[in-house]
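S.K.: Questions regarding the structure given below will be posed in turn.
The values are calculated or read from the model by the stated rules, or taken from the named source; none is laboratory data. All of these numbers come straight from a predicted model, not from anything done at the bench. No Cβ is skipped: glycine too gets one built from the backbone with ideal geometry, and neighbour counts run over all protein chains shown. Each accessible area value is taken on the protein alone, full model and side chains, heavy atoms only, with ligands, DNA and RNA left out. Shrake-Rupley method; radii C 1.70, N 1.55, O 1.52, S 1.80 Å.
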Amino acid sequence: MKGPVEPFKIKVIESVKIPSEKRRMEAIREAGFNTFLLLSEDVFIDLLTDSGTSAMSDNQWAGMMIGDEAYAGSKNFFNLEKAVQDVLGYKYIVPTHQGRGAEHLMYKTLTNEGQIVPRNMYFTTSKVHVELAGGTMVDVIIDNAHDPENGHPFKGNIDFKKLEKLIEEHGPEKIAFVNVEMDVNMAGGQPVSMQNLREVRELCNNYKLKVIFDTTRSSENAYFIREREKGYENTPIVDILREMMSYSDGCIYSSKKDCLVNIGGFLATNDKDIFQKTRGMVVVYEGLHTYGGMAGRDMEAVARGLREGAQYEYLKYRINQVRYLGELLKEGNVPIVKPVGGHAVFIDALKFLPHLPRERWPAQTLSSEIYADSGVRTMERGAISKGRDKITGKNIFPKLELVRLTIPRRVYTNTHMEYTAESIINLYEKKDTIPGLKMVFEPEYLRFFQARFEQLSFPQQVIYS
Ligand code: P61
């Protein structure tokens, strides 16, 4: 098997080196066995996230040089507005410093105390912003998404029975809005089909409910629609994107992913009321409505990146590089979520480390072991990310206990993928010797970012918490 051919050549490089085994052991201990707390210079291949880690093109860097840093009315804002209108089809845009800034404005505007927000699986920042606005997020994704072995081509789809039951049970006035994520991150980067989006719209029309998309990885989702959904085989990606967005009332967008930039975000809508309310808030929390926390040069890079990231040839390479890593791991019998998603390969930590109880945090353990073994940084996506129940205060143990190997866009070569796969396959062969972790520091919000752990020695079946 071979990796995909890159549709670009490399103009600038950044040196990386693999720290010694001794330094890796020290570094992970110093980081409290939390890969978020590692120093970047201690990392060889950084697969922590695809967020803000893309390599920009010469065209984007050229755009940075024409940054108009006027406080008000920057011309780069209007370029960004035009790019959003052309690529996504929304009329109004409110810029923000990154995705969670947009979530804050949008979700606060649309959610009243005690309301429910159905969504196709939670995302950490989305959940916290709905909760801070007084709402509760309820998962209405199809059951297939919770099964790592299930090969459904659109595992990100909304389950209509679950959604309708929720609306009927609570009444439509209790539903703040319906939230649909593209290429569902926590499910493994799994796409939503066009048919599902269309039907969600119809259902919500019946109940007069607003539909808000999390379009963060919508271009990658559009690629999967073209690859897998009948009737879209030859449709240009931009046409697919515009049809997708036509089924929503608005979106939040973290530009740090599919827009191939290091920082930025926005919300967009065709709804004048949402626009006016969020535009009123942006000046309080982010900055003036023509920059929203971004420099002019950053808005230019987002505008150009949104167009570049929707090019078919680029997306084909992108999705296939992620798939290449997934295939290599599968060949080495490493248990991964199937099918391989858009932005990352997810390892099933429960199958990788079956000897560890859930309270020993198998995914957290595995991500720290992968780093110590190879210098590759990955991320826990399981019970630590999920957090505690808002009412009982107890840890929630989601069905998926995963380690995410997230591939930055246009940054690593196929040889980096091969190194990563070989190291993890070697680790899998000695998996029985891996001891679990004990959490010794737990922050109140988004605990996974700063939590600290200690390594237990074998036998570690005793649960202390
Ligand atoms: C990531 F560990 N994602 O995947 P912002 N919606 C969606 C996202 O994936 C997303 C945001 C909104 C990140 C960064 C990150 O628990 C974590 O621009 C589907 O990051 O504010 C971000 O966009 C928020 C990593 C965020 C995490 C939260 O790596």
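S.K.: Has region 223-240 got at least one residue that is open to solvent by less than 40 Å² (accessible area, probe 1.4 Å), within 16 Å of the ligand (Cβ to nearest atom) and of a type outside the set (Ser, Thr, Tyr)?
M.R.: For region 223-240, residues open to solvent by less than 40 Å² (accessible area, probe 1.4 Å), within 16 Å of the ligand (Cβ to nearest atom) and of a type outside the set (Ser, Thr, Tyr): present.
S.K.: Looking at residue 36 and the list (1) farther than 15 Å from residue 305 by Cα; (2) away from the ligand (no atom under 16 Å from the Cβ); (3) of a type outside the set (D, E, K, R), which single condition is not satisfied?
M.R.: (2)
S.K.: Kindly establish whether residue 243 is touching a residue at least 24 places away in the same chain (Cβ under 8 Å), acidic (Asp, Glu) and open to solvent by 20 Å² or more (accessible area, probe 1.4 Å).
M.R.: The answer is yes for residue 243.
S.K.: While we're on this one: Residue by residue through region 150-187, note down the ones that are of a type outside the set (A, V, I, L, M) and modelled with pLDDT under 95.
M.R.: Correct list: empty.
S.K.: What pairs come out if I take residues in region 161-182 that are surrounded by 15 or more Cβ atoms within 10 Å (Cβ to Cβ) and pair them with residues that are part of a strand (DSSP E or B) and modelled with pLDDT under 95 whose C-beta lies under 7 Å away, six or more apart or interchain?
M.R.: Within 7 Å, no pair qualifies.
S.K.: Sticking with this one: For region 309-325, which positions are open to solvent by 20 Å² or more (accessible area, probe 1.4 Å), part of a helix (DSSP H, G or I) and farther than 16 Å from residue 341 by Cβ?
M.R.: 312, 313
S.K.: Scanning for something open to solvent by 10 Å² or more (accessible area, probe 1.4 Å), at negative phi and assigned to a helix (DSSP H, G or I), does region 184-193 turn up at least one residue?
M.R.: Yes: one or more hits.
S.K.: Separate question: In contact with a Gly (Cβ under 9 Å, 6 or more places away or on another chain) and within 16 Å of the ligand (Cβ to nearest atom): is that true of residue 255 in this structure?
M.R.: Yes: the conditions hold for residue 255.
S.K.: Just give me the residues in region 1-33 being open to solvent by 80 Å² or more (accessible area, probe 1.4 Å) and either within 16 Å of the ligand (Cβ to nearest atom) or polar (S, T, N, Q) (or both), in sequence order.
M.R.: Across region 1-33, the qualifying residue is only 15.
S.K.: Could you identify the single residue in 240, 212 that is assigned to a strand (DSSP E or B) and either at pLDDT 95 or above or among the hydrophobic types (A, V, I, L, M, F, W, C) (or both)?
M.R.: Selected residue: 212, the only one of 240, 212 that is assigned to a strand (DSSP E or B) and either at pLDDT 95 or above or among the hydrophobic types (A, V, I, L, M, F, W, C) (or both).
S.K.: While we're here: Show me the helices (runs of 4 or more DSSP H) found entirely inside region 326-429 where at least 3 residues are more than 16 Å from the ligand (Cβ to nearest atom) and touching a residue at least 60 places away in the same chain (Cβ under 8 Å).
M.R.: 362-374, 414-429
S.K.: In addition: Output the residues belonging to region 126-148 that are assigned to a helix (DSSP H, G or I), touching a residue at least 60 places away in the same chain (Cβ under 8 Å) and buried (at least 20 other Cβ atoms within 10 Å of the Cβ).
M.R.: 126
S.K.: While we're looking at this one, here's another question. Does at least one position in region 99-118 carry a residue that is in contact (Cβ under 8 Å) with a residue 40 or more places away in the chain, open to solvent by 10 Å² or more (accessible area, probe 1.4 Å) and under 19 Å from the mean Cα position of the chain (by Cα)?
M.R.: The answer is yes; a qualifying residue exists.
S.K.: Also, quick follow-up: If you take the residues of region 71-110 that are among the polar types (S, T, N, Q) and within 16 Å of the ligand (Cβ to nearest atom), which of them is farthest from residue 214 (Cα to Cα)?
M.R.: In this case the residue turns out to be 96.
S.K.: Does region 52-66 include one or more residues that are free of Cβ contacts under 8 Å to residues at least 40 places away in the same chain, within 15 Å of the ligand (Cβ to nearest atom), open to solvent by 30 Å² or more (accessible area, probe 1.4 Å) and hydrophobic (A, V, I, L, M, F, W, C)?
M.R.: no
S.K.: Kindly list, by first and then second residue, each pair from a residue in region 249-278 that is of a type in the set (Asp, Glu) to a residue that is near the ligand (Cβ under 10 Å from one of its atoms), limited to pairs with Cβ atoms under 6 Å and residues at least 6 apart or on different chains.
M.R.: Short answer, once both residue conditions are applied: 258/217.
S.K.: Anything in region 256-277 that is within 23 Å of the chain's Cα centre (by Cα) and not charged (D, E, K, R)? List them, or say none.
M.R.: 259, 260, 261, 262, 263, 264, 265, 266, 267, 268, 269 - these are the residues of region 256-277 that are within 23 Å of the chain's Cα centre (by Cα) and not charged (D, E, K, R).
S.K.: Could you list all residues from region 430-459 that are touching a residue at least 12 places away in the same chain (Cβ under 8 Å), of a type in the set (Lys, Arg) and within 15 Å of residue 370 (Cβ to Cβ)?
M.R.: 431
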